[in-house]
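**Student:** Here it is, the structure, as structure tokens.
The values are calculated or read from the model by the stated rules, or taken from the named source; none is laboratory data. As the structure is a computational prediction, the values presented were derived from the model and not from experiment. Here the Cβ positions follow ideal geometry from the backbone for every residue, glycine too, while neighbour counts run over all protein chains shown. Surface areas here come from the heavy atoms of the whole protein model, side chains and all, with no ligands, DNA or RNA. Shrake-Rupley method; radii C 1.70, N 1.55, O 1.52, S 1.80 Å.
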Amino acid sequence: MNFLTRTFVLVSISVVVISNWIDAGEKPNVLFIAVDDLNDYALGLNSSYRSKTPCLDALAERGTLFTHAYCAAPACGPSRTSVITGVAPYNSGVYLNSQDWRQNEKLWKVTTIPHHFHDHGYKVIGGGKLYHAANLSQVQLAGHFDSRPWHEYYPSKSRQLAHDFITPGQAVNGSNLFYKGRFDWNPIETADNETGDGKVVSWAEEQLSREHDQPLFLAVGIYRPHIPWYTPEKYFSLYDSSDLGVVDDPESDLDDIPDAGSGLARQAWHQWLIEQDKLDDATLAYMASSSFADAMVGRLIRALDDGPLAENTVIILWSDHGYHLGQKKHWEKFALWEQTTHVPLIFVDSRQQAQEIRCEQPVSLLDIYPTLNDLCGLGQPEHLDGQSLAPFLGDSDEPPQRAVVTTHGRNNHAVRSSHWRYIRYADGSEELYDHRNDAREIENLAGAREYQLVIERLAEHLPRHNEEPRPRTRWRSSGLPPDLPTSGK
């Protein structure tokens, strides 16, 4: 039995089981949690570094943790757009944060996840950062928000991000050279509930504490550990220098990488941190903010467990992309390496007995939409580029055979299989890494003749079509296309 046949059988069995669940009672509720910039230091996904995330660890023990999950794009805007629409960047033409998906006529007309649940009788409510948004300016607090499917949104349908502690344009510990001072960190003397994330989570806790007259789709976006890392001091105190590890990549690490790749590395940021002796401080601040985000997730799960929806809710937790903290002399995201693209992804179905499963199958965040549809007994829209992960949510002996694609800019792609990462840039230059013995991607094997068959096999997964980028747009107070509807499906 080949892979496709086995997968078809697994999917068929899963559909039968899921249909029986749906027939036996009401539709399950959904708690949809998006965490911004949370890299693979969480959940033990990185063999070299680990942040302290006990709430995420506990959540993973109740369901399926996908240890090899990857974003469709290593930037907030295109990644979140691909998740919410189910359309890959190479099919939508949305590649960069500067592109507003609401100006993309194809995407504006597709049925998004909240639309789909709305149209199937769900009460659809949300809060926090779910679409692209940032605290870099007032207009970015609203971000690329689509108000159409939401019955209710916190703090409002005109603003995704709740008020937070920001020092505009004046860095405390970071540098005013980067993001006008928003590349910054500082422990703050404030209660969790006074932070922007704390306000969003408090609102969500209230929604989870009561009955609803429809099945509930509750989406919660947690902003940390996005910069600036202004986080309550108690999370900084969880760490000391012995917890941080050391970014010990060789000084020559970028030498065997083509210009198209090395040009993405933010070496100026890295050099500034080294010169100012702040590399450890910045890393600690990121990890403190990760632990703060973990505490926010813990509050959501406790509220669910203590409320009336505890036994009939599907939980999905994901991060929009990974995050570099000096690996390859790079900071932030916006690249195609493992550290930038590897993300946490957890599914928990409270209708089933808690069972810890670690699935090593390479999967994509594009798979979230079809998986939720299967778990909730909804139909699959035809436009989806991902595939349902339902077959992998229980015990499965299916060997890892998938390969998934991440895209950063038109014609720049990474293919990740269980053992390999292959990158091809728009100019044809390449990178290849063997993760069986090079998890940190130090040695680029693309130029060695003995790996050409590997490259040919991986290249088969590259998209055959790369949509032209839609016109670059800047932030606007209203990003709605003037010739498209503002309500309806």
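**Student:** Can you tell me which residue in the range 323-382 is modelled with the lowest pLDDT, limited to those that are out of contact with any strand residue (DSSP E or B) (no Cβ under 9 Å at 6 or more places or on another chain) and within 27 Å of ALA303 (Cα to Cα)?
**Tutor:** Applying the filter and picking the extreme gives GLN353.
**Student:** Let me ask something else about it. What is the number of the single condition among (1) among the small types (Gly, Ala, Ser); (2) touching a Ser or Thr at 6+ places or on another chain (Cβ under 6 Å); (3) under 29 Å from ARG424 (Cα atoms) that GLY307 does not meet?
**Tutor:** (3)
**Student:** Would you be able to tell me the number of residues in the range 132-189 that are in contact with a helix residue (DSSP H, G or I) (Cβ under 7 Å, 6 or more places away or on another chain), open to solvent by 30 Å² or more (accessible area, probe 1.4 Å) and closer than 19 Å to SER98 by Cα?
**Tutor:** Adding up the residues that qualify gives 2.
**Student:** Would you be able to say whether some residue in the range 192-205 is within 19 Å of TRP331 (Cβ to Cβ) and among the hydroxyl-bearing types (Ser, Thr, Tyr)? Working first, answer last.
**Tutor:** The first filter runs over the range 192-205 and keeps only residues within 19 Å of TRP331 (Cβ to Cβ), leaving none.
No, the range 192-205 contains no residue that is within 19 Å of TRP331 (Cβ to Cβ) and among the hydroxyl-bearing types (Ser, Thr, Tyr).
**Student:** Turning to a different aspect of this structure: Within the range 104-128, track down each residue that is open to solvent by less than 10 Å² (accessible area, probe 1.4 Å) and not in a helix (DSSP H, G or I).
**Tutor:** Across the range 104-128, the qualifying residues are ASN104, THR112, TYR122, VAL124, ILE125, GLY126, GLY127, GLY128.
**Student:** With the condition kept exactly as written, say whether any residue in the range 481-489 is open to solvent by less than 30 Å² (accessible area, probe 1.4 Å), in contact with a Lys or Arg (Cβ under 7 Å, 6 or more places away or on another chain) and modelled with pLDDT of 95 or more.
**Tutor:** no
**Student:** Only one residue in SER237, SER289 is touching a strand residue (DSSP E or B) at 6+ places or on another chain (Cβ under 9 Å), at pLDDT 95 or above and open to solvent by 60 Å² or more (accessible area, probe 1.4 Å). Which one?
**Tutor:** It is SER237.
**Student:** Take the residues in the range 78-98 that are open to solvent by 10 Å² or more (accessible area, probe 1.4 Å) and over 18 Å from VAL35 (Cα atoms); name whichever of them is nearest to the chain's Cα centre (by Cα).
**Tutor:** Looking at the filtered set, the residue picked out is LEU96.
**Student:** Now for a different question. So is ALA75 surrounded by 21 or more Cβ atoms within 10 Å (Cβ to Cβ) and out of contact with any helix residue (DSSP H, G or I) (no Cβ under 6 Å at 6 or more places or on another chain) or not?
**Tutor:** Yes; evaluated as a whole, the condition is true for this residue.
**Student:** Next question. Within the range 23-70, how many residues turn out to be farther than 16 Å from THR283 by Cα, touching a strand residue (DSSP E or B) at 6+ places or on another chain (Cβ under 6 Å) and in a loop (DSSP other than H, G, I, E, B)?
**Tutor:** Qualifying residue count for the region: 4.
**Student:** Give the range 372-389 a look and list any residue that's open to solvent by 10 Å² or more (accessible area, probe 1.4 Å) and under 21 Å from the mean Cα position of the chain (by Cα), or say none.
**Tutor:** First pass over the range 372-389, keeping only residues open to solvent by 10 Å² or more (accessible area, probe 1.4 Å): 374, 377-388.
Once the filter is applied, which keeps residues that are open to solvent by 10 Å² or more (accessible area, probe 1.4 Å) and under 21 Å from the mean Cα position of the chain (by Cα), the range 372-389 yields ASP374, HIS383, LEU384, ASP385, GLY386, GLN387, SER388.
**Student:** Does the range 330-342 include one or more residues that are open to solvent by less than 10 Å² (accessible area, probe 1.4 Å), touching a residue at least 24 places away in the same chain (Cβ under 8 Å) and basic (Lys, Arg)?
**Tutor:** So far as the range 330-342 goes, yes, one or more of its residues are open to solvent by less than 10 Å² (accessible area, probe 1.4 Å), touching a residue at least 24 places away in the same chain (Cβ under 8 Å) and basic (Lys, Arg).
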